Structure formats: C-alpha cells, structure tokens
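Notes to accompany the following structure.
Derivation of every value follows stated rules applied to the coordinates shown; laboratory data play no part. The model shown is predicted, which means the values in this text are computed figures rather than measured ones. Heads up, the Cβs are rebuilt from the backbone with ideal geometry, glycines too, and the neighbour counts pull from every protein chain shown.
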Amino acid sequence: MELMIPLVGLLVVALGMLIYLAVRPSVTRAVGGKVLAFLGIFLLPALSLALGFEAHVERAKTKEFCTSCHVMEPYGKSLMYEDTEYLPAVHYQNNLVDREHACFTCHTDYALFGGVRAKLRGLRHLTVQYLGSIPDTVKLYTPFNNRECLHCHSGARRFLAEDAHTETDTTMTSMEANRLSCMASGCHEAIHDAKQVDEQEMWKEPTR
Amino acid sequence: MTTGRAIENRIRLASVLGLIGLLAMAVSLWWKHPLSFVLFMAVGPTFVLLGLGVFLWSLVTRSDA
C-alpha cells in the first residue's frame, strides 16, 4: 500500500508528459523535448512497471486476492470454522499466521525462488479458471511439502512438546524428508474441507 | 530521411501507445480482480514497448538528429 502513493504520482507525471507529447510532438525538435520524450516514453513507464510489479505481487499475497476467485471463496470461509481441531482455522483464528496473508503464508514455497514459483502457480490457476475447466474438487498440483509447515514449527516449543513429533529417532527426519506427511492419516489430516462449508458452524469473532 | 511531419506523427503515435500502456497499468492497480495482474504484466508493457519502439524508430530516421 505504501508503494501506491509514489506509483500514482509517477503514473500521473508520465501520463501528463505523454499527453503533452501527443498534442505537441514538435517539441522533440529541441533538446529539452527529446529529454521529455525519453522520460515520458521510456524512463517513467519503466519505473512505473517496476513499482507496479512490486505492488501487484504484494497484493497477490493477500487473502482478499486469493478468495477473489469464486472457486476459492469456500476455502476462505473455512478459516472461520468453529472447530478447534481444524488446522487452517486454528492457524487463522489464533493469529498463528498473519490474517491478511493467511493463504500465502502456508501455500508459498519456503525455498530459493519459492515466491516466484508461487506466482507461477497463481498464473496456472488463472489459466485453469479462464481457459480450462475447474475440477469439482480443487487439489494441490503437488503434495503439500512439510517444509512449509516446518518453516515455522520446527524447533518451536509447542511442536517439540507434542510426543508424536518426536516419537522415534527418525520421525523428525522422515518429516523433513517428506517421507511422513504432516497431513498423514492420524496426524493433521483435516485440511480445508471446503465442501462442508455451508454445514459448518462458524466462529463469530467478538467485536471490541 | 523522413520528413519532419512524418516523424512528429510517429512521436505522436509513440505517445499514444505509451498512454494506452500506462492507462492499462493504472486501471490494473484499481481493479481488484485476479486478471488485473495479467492486464498489468501483459497489456501495459506491450503498449509501452510498442511506443518505445516507435519512438526509437522516429529517432533513427529523423534528419535533424
């Protein structure tokens, strides 16, 4: 959001220059006019592109953006389930993730160029949404990587205090290597049961 | 070499293309829709680059350069 003010300023100045050039292209005969054209046609649009890209990427990380596709609405609503065992709701309602970036926090890749891969997946979602057919059950393209959970939980006191996480000498190694999924049966298997969204009781956040 | 009038027309065209590109970028910032990113990254830069291309073309063909 803090990028918006300089970006809007930049766009307004660039648009003003371009309108002036479109109305009076003869100014480019003089050196000053050439500089104006260079600024208006190349430099300011290039800067606008760089700042705008950053602003769009930041916006694409918000829950509001993720749930702006109709198909994702139930997944957004599922964060409000009145169920203390339901993993997404537990994370969201207890502020274990930043609420504004709740989807991105768990669904990005915590690896080199992970953010870029997340954006490319987003473009793939768009292709499916507008050019393909939306499946009845929305599934991840690849199995959820434990790395995304362990990014925050690994080494945390609450995580280590849970016996299941340190049950054997190899439990943690298996989780880190994705041989044992965090979402395995008997562990945290209740993930985004969005089909039930209309039947679920919702948590009503108390107003202050 | 191209005449002054023709060059000015190209600069006008370059400015209009740049305007369309920047307007597309500006609209994408207000449009809260998943396609806004595509509008920003595909439509905006395409017109800006076309405008830049026409501008450079006008520079290399102008006789008073």
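Quick notes on this structure:
- Tensor-based shape of region A:132-208 (alpha-carbon gyration tensor, a/c under 1.5 rounded, otherwise prolate or oblate): oblate
- Here the spin labels are modelled as points 7 Å beyond Cα on the Cα-Cβ line, and at A:Asp109 and B:Leu49 they lie 2.4 nm apart.
- Averaging 1/r across all pairs of distinct Cα atoms in region A:1-133 and inverting the result yields a Kirkwood radius of 18.1 Å.
- Contact order for chain A, expressed relative to its length and based on alpha carbon pairs under 8 Å spaced 6+ residues apart, stands at 20 percent.
- Positive dipole terminus of chain A, leading residue within A:Val31, A:His188, A:Thr67 (C-beta point charges): A:Val31
- Cβ-placed point charges (K, R +1; D, E -1), dipole of the protein assembly as shown about Cα centre in debye, nearest 20: 2000 debye
- When B:Val60, A:Val197 are arranged by Cβ crowding within 10 Å, least crowded first, meaning fewest neighbours, the order is B:Val60, A:Val197.
- Coordinate range along principal axes, alpha carbons of the protein assembly as shown, Å, largest first: 82, 40, 40
- Placing +1 on each Lys and Arg Cβ and -1 on each Asp and Glu Cβ, with no other charges, gives region A:34-133 a dipole about its Cα centre of roughly 560 debye.
- Computed over region A:77-208, Kirkwood Rh from alpha-carbon pairs, angstrom: 16.7 Å
- Ordering A:His153, A:Gln200, A:Thr171 by Cα displacement along the dipole of region A:111-208 toward the positive end leaves A:His153 in first place; charges were set at the Cβ atoms of Lys, Arg (+1) and Asp, Glu (-1).
- Estimated translational diffusion coefficient (Stokes-Einstein, Kirkwood radius over Cα pairs, 37 °C, 0.692 mPa s) of region A:4-59: 279 µm² per second.
- Region A:1-65, relative contact order in percent, only Cα pairs under 8 angstrom and at least six apart counted: 42 percent
- Taking amide H atoms as placed 1.01 Å from N in the peptide plane, the amide H of A:Met202 lies under 5 Å from those of A:Glu82, each 5 or more residues away in sequence or on another chain.
- Shown here: region B:1-43, whose C-alpha atoms stretch 46, 14, 7 Å along the first, second and third principal axes, sorted largest to smallest.
- Helix content alone sets the calculated 222 nm mean residue ellipticity of chain A: runs of n ≥ 4 DSSP H residues at -39500 (n - 2.57) each, divided across all residues, give -14000 deg cm²/dmol.
- Helical segments meeting 24 Å axial Cα length and Kyte-Doolittle 0.0 threshold in chain A (DSSP H): A:4-23
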